[in-house]
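A.B. asks: Can you keep this structure in mind? I'll have questions shortly.
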Amino acid sequence: MTRDSGTAAGATTPRTTTATTPAAPPGATAPAGRTFWLEHAWLGDRVEPGVAVTVGGRGGKGGDGRISAVTTDVPAPPPGAEILRGLTLPGLANAHSHAFHRALRGTVQVGAGTFWTWREVMYAVADRLTPETYHRLARAVYAEMALAGITAVGEFHYLHHAPGGTPYAEPNAMGEALVAAAAEAGIRITLLDAAYLSAGFGEPPTAHQRRFSDGTAEAWAERCSDLRERDHARIGAAIHSVRAVPARELETVARWAQERRAPLHVHLSEQTAENEACREAHGRTPARLLADHGVLGPRTTGIHNTHLTAQDIALVGGSGTGTCMCPTTERDLADGIGPAAALQRGGSPLSLGSDSHAVVDLLEEARALELNERLRTRTRGHWTANALLRAATAGGHAALGWDRAGTIEPGALADLTTLTLESVRTAGPPPRLGAETAVFAATAADVRHTVVAGRHVVRDGAHTLVPDVPHALAQAVRALRG
Ligand SMILES: [Zn+2]
């Protein structure tokens, strides 16, 4: 795909690129030929002033939720265009989410503790969720994400059954609640249905974990096979972790994903304790174990690739396995700083997630990746702002199985996020430094518009489908308090 490279200085007539191949409809239908005028647009490697983006409407037909043309050097809004004032990015992709962790916000910050003590509190919330309460909570959480400019979420989902492990009458009631919640909040979801079968190496699930378990990977696969993709929803697979899926069961999950060409995610190496337990049980690291059982590869993404050896980095990078870092959660849970820079140099594509939702702010995740590396190395400049934004957009969409997404170009999903350049955080820098401003100064509070499939989900900072998101969050969380 060629991209227009005209600049304000070098071109006086508008330049247009259009889609050359028909694209499958992935999202809700947008009105034919709808045009957005972007005051400033980030086009992957630079910021352009005055860009017109047309959605759908090719050949006089109805729109398909994809961009049909991008025209640069358009100094004023064309008649009838929707104006997006500020800096417009492609929609942000939150590649790793556990929606229910949002109920813990602020309640797990008192006193000392570790990842493992935090987990006990998290399990207490998990115990109280039903398909109804989870639907309400997830709808509010995904609406919060839309307000933060997130247009696609990867929901790493393991809360499958009723407490105690009894299946619901609809065995996928919990997953369906999440898919419906995303639709109602106006964002895309990749439901990464996770196999979670054991408490540790050779240990059956604990009382809390019984509702996560299908018993065997075969039973997991059977249940997942009933999940249907929809315009706004993709279905993927997940291995909770090497401690939660016995080695002999890993291949069943990997095969299920392979047969469907579906994304496969795995918590790879969040805690040193699980690395040690894995070495004790199998004489190898989690990365090596996953590689030996056919789990690694270009459609696989490792979450928290944090405690890796040089050999692990070579395995992950060399296989094209992705790396999803969740820096705000990793620092919140005292996990450690993963070798994301070395992984990317070794061939592992990067994406970002807000995971436990201690905060929901993909710009903060992007900023933290670079700043963590600066603290560790005491040198600056490991990633450019452009590279960090690519991880938050195209990288995340690729990890979630959304093709041709996370870019502003013909054929891509018409998902857009607009930041104001006039807030106390963003005022001042020249717009050509918009990428640097977005990553190193802006926050989720600077998101003014979120467009999904050519439709406003957030307009002027207000959600168009969920009228009062803070109220919805407060109510949903209150319902879960013990
Ligand atoms: Zn996670």
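The values are calculated or read from the model by the stated rules, or taken from the named source; none is laboratory data. Keep in mind that what you see is a predicted model, and the values were worked out from it rather than measured. Note that each Cβ is placed from the backbone with ideal geometry, even for glycine, and that neighbours are counted across all protein chains shown. Areas reflect the complete protein model, heavy atoms only, side chains present, ligands, DNA and RNA absent. Shrake-Rupley method; radii C 1.70, N 1.55, O 1.52, S 1.80 Å.
A.B. asks: Condition first: of a type outside the set (G, A, S), open to solvent by less than 10 Å² (accessible area, probe 1.4 Å) and part of a helix (DSSP H, G or I). Can you find one or more residues in region 392-407 that meet it? So that I can check it myself, show each step before the final result.
C.D. replies: First, pick out the residues of region 392-407 that are of a type outside the set (G, A, S): 393, 397, 400, 402-404, 407.
From what is left, the residues that are open to solvent by less than 10 Å² (accessible area, probe 1.4 Å) are 393, 397, 400, 402.
Right, trim to part of a helix (DSSP H, G or I) and you get 393, 397.
Looking through region 392-407, at least one residue is of a type outside the set (G, A, S), open to solvent by less than 10 Å² (accessible area, probe 1.4 Å) and part of a helix (DSSP H, G or I).
A.B. asks: Additional query: Looking at (1) open to solvent by less than 10 Å² (accessible area, probe 1.4 Å); (2) more than 16 Å from the ligand (Cβ to nearest atom); (3) of a type outside the set (S, T, Y), which one does A138 not meet, given that it meets all the others?
C.D. replies: (2)
A.B. asks: Search region 298-340 for residues being open to solvent by 10 Å² or more (accessible area, probe 1.4 Å), hydrophobic (A, V, I, L, M, F, W, C) and more than 16 Å from the ligand (Cβ to nearest atom), and hand back the single one that is nearest to A366 (Cα to Cα).
C.D. replies: I337
A.B. asks: Would you confirm whether any residue within region 116-130 is out of contact with any helix residue (DSSP H, G or I) (no Cβ under 7 Å at 6 or more places or on another chain), among the hydroxyl-bearing types (S, T, Y) and assigned to a strand (DSSP E or B)?
C.D. replies: Going through region 116-130, the residues out of contact with any helix residue (DSSP H, G or I) (no Cβ under 7 Å at 6 or more places or on another chain) turn out to be 116-120, 124, 128, 130.
From what is left, the residues that are among the hydroxyl-bearing types (S, T, Y) are 117, 130.
Keeping just the survivors that are assigned to a strand (DSSP E or B) gives none.
For region 116-130, residues out of contact with any helix residue (DSSP H, G or I) (no Cβ under 7 Å at 6 or more places or on another chain), among the hydroxyl-bearing types (S, T, Y) and assigned to a strand (DSSP E or B): absent.
A.B. asks: Okay, next question. Looking at T117, T88, which is the one that is of a type in the set (S, T, N, Q), surrounded by 24 or more Cβ atoms within 10 Å (Cβ to Cβ) and more than 16 Å from the ligand (Cβ to nearest atom)?
C.D. replies: Details: T117 fails: surrounded by 24 or more Cβ atoms within 10 Å (Cβ to Cβ).
The unique qualifying residue is T88.
A.B. asks: Keeping to region 193-229, report how many residues are under 21 Å from S241 (Cα atoms) and in contact with a Leu (Cβ under 8 Å, 6 or more places away or on another chain).
C.D. replies: 10
A.B. asks: Additional query: With within 22 Å of R459 (Cα to Cα) and assigned by TED's automatic domain parsing to the domain that holds R299 as the only criterion, which of R139, R223, R211, R228 stands out? First the steps, then the outcome.
C.D. replies: Working: R223 fails: within 22 Å of R459 (Cα to Cα); R211 fails: within 22 Å of R459 (Cα to Cα); R228 fails: within 22 Å of R459 (Cα to Cα).
Unique residue meeting the criteria: R139.
A.B. asks: Across region 241-264, what is the total count of residues that are surrounded by fewer than 23 Cβ atoms within 10 Å (Cβ to Cβ) and either under 18 Å from the mean Cα position of the chain (by Cα) or of a type in the set (D, E) (or both)?
C.D. replies: 4
A.B. asks: Using beta carbons and a limit of 6 Å, which pairs, at least six apart or on different chains, have the first residue in region 215-236 and under 17 Å from E155 (Cα atoms) and in contact (Cβ under 8 Å) with a residue 12 or more places away in the chain and the second one polar (S, T, N, Q) and open to solvent by less than 20 Å² (accessible area, probe 1.4 Å)?
C.D. replies: L227/N172; R234/T190; G236/T190
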